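Scroll down for the structure; my scribbles are underneath it.
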Amino acid sequence: MNDKPQSLRERIHEIVFEADTPAGKLFDVALIWSIVLSVVIVMLDSVRWISEHWDFELTLLEWIFTIGFSAEYILRVVTIRKPLKYVFSFYGIVDLLAVLPTYISLVVPGSQFLLVVRVLRLLRVFRVLKLVQYLSEAQQLTNALRASARKIFVFIFAVSLLTVIFGSVMYVVEGEANGFTSIPKSIYWAIVTMTTVGYGDISPQTPLGQAIASFIMILGYGIIAVPTGIVTAQLSRKEGAHITTRNCIHCGEEGHDVHAEYCKMCGGKL
């Protein structure tokens, strides 16, 4: 670790981005409570009788939270050495979307209700509570889904073909008299049946149609297990790694190994 005194920028970065210090943890706890309260306010504002009686108070609180989140976003941008890396990251986009609707509502009334996207920012609770093992598991799941993408695509393509075939067959077997008025609508029924949702708005009436429907429903249970098996097979190949909540001051990357001295993304000194 570097023993030279931290600059103001580095100190602010440590507080805003990391949860390993008391100040950083306090900041993130206050941030999470602010997010929760702001989402509650947006929800309350959508209730007519509450908004009619407390419109001014709710609007005032919303602007207080928005200004606070705007200041936090600016601090995150100016304290990181590669601001564009943060701006276009997942958290950067979510943080920006958390404040934009309020400003847009000045021009487009009603858009402030989009602020419920702030609930996504509660993902930061993983850092605050030091649940780094869950961050590791989340990374493993992401990697497994990415590695399984082609297999899942082939699976979805095959299921799509089956629904087209079964839908067309049911259109021929049942016909318009039994609610299967077109092939697209019959395909819709096949999708609902194969996924075992079963809305019941359309159902086969003929013995042959009911036999086909029974086969599709049984097939649906088998199909559900396929993507689960694909992802599970990938997950079994991954091993967990010990990581910390340290955040790179250069690019903002999180989830570094315990003994890492350099960022795994940009190579910057941690």
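Throughout, read-outs are computed from the coordinates displayed, never taken from laboratory work. On a predicted model such as this, the values are computed, not experimentally measured, just so you know. Quick reminder, even Gly has a Cβ in these numbers, built from the backbone with ideal geometry, and neighbours come from all protein chains shown.
For V117 and V154, the FRET efficiency from 1/(1 + (r/R0)^6), where r spans their Cβ atoms and R0 equals 41 Å, is about 0.80. In this rough spin-label picture, where each label sits 7 Å from Cα along the Cβ direction, the R146-Y262 distance is 2.1 nm. Tell me the Kirkwood radius of segment 147-235: reciprocal of the mean inverse pair distance over distinct alpha-carbon atoms, in Å. By the Kirkwood definition, the hydrodynamic radius is 13.6 Å. Annotation note: chymotrypsin sites (Phe, Trp or Tyr not before Pro) in segment 27-123 located in DSSP loop regions with a Cβ neighbour count of at most 11 within 10 Å are F88.
With kT/(6 pi eta Rh) evaluated at 4 °C and eta = 1.567 mPa s, and Rh the Kirkwood radius from Cα pairs, segment 169-209 diffuses with a coefficient of 129 µm²/s according to Stokes-Einstein.
Amide H contacts under 5 Å for Y262: L270, restricted to partners 5 or more places along the chain or on a different chain, H placed in the peptide plane at 1.01 Å from N. Applying 0.36 nm per residue to the separation of L26 and S203 and subtracting their alpha-carbon distance, the gain on full extension is 58.0 nm. Sites listed here are chymotrypsin sites (Phe, Trp or Tyr not before Pro) in segment 156-236 whose DSSP assignment is loop and whose Cβ has at most 15 other Cβ atoms within 10 Å: Y199. Give me the tail of P(r) for segment 8-128 as a percent: Cα-Cα pairs with distance above 17 Å. For segment 8-128, the fraction of Cα-Cα distances above 17 Å is 57 percent.
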